[in-house]
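All of the numbers you see were taken from the coordinates with simple rules; none came from a lab. These figures come from a predicted structure and were not determined experimentally. No Cβ is skipped: glycine too gets one built from the backbone with ideal geometry, and neighbour counts run over all protein chains shown.
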Amino acid sequence: MRVIAPAKTCVEVDGLSGRRYRARDGVYEMSERDGRALVAAGGFRPSLTGATSRAAGYRCPSDGFGSFFTTCSRCGGPCERE
Ligand SMILES: [Zn+2]
C-alpha cells in the first residue's frame, strides 16, 4: 500500500516489521501492516485524502480527480495518465 509521509522532511521510517522504508516524492510504498502503522502515526492514505503529488500518475478527465489508479475513485470512470 502507499502512504503519504506525515511531513516533507520525513523521508525514512522504520516499519513494525523492522524493515526500513525510504519515501520517494513524499510517498512510502509499504507492506499493508507497516502502512497501517504509519497511517496511525500521522501518515495519510492517498485514497482517503484525494491528495495528489508528483507520485500520482492518473487524473480523471470528467471531474479532474487525481488518482493513483487507472479507475477514478470518485466517479468510477477511466483515468488518464498525467
Ligand atoms: Zn472521475
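Before moving on, here are some points about what is shown:
- The charge dipole of the chain, taken about its Cα centre with unit charges on the Cβ atoms of Lys, Arg (+1), Asp and Glu (-1) only, comes to about 100 debye.
- Sorting C60, C79 by the number of Cβ atoms found within 10 Å of their own Cβ, with the fewest placed first, yields C60, C79.
- Rh (Kirkwood; distinct C-alpha pairs) - the chain, Å: 13.1 Å
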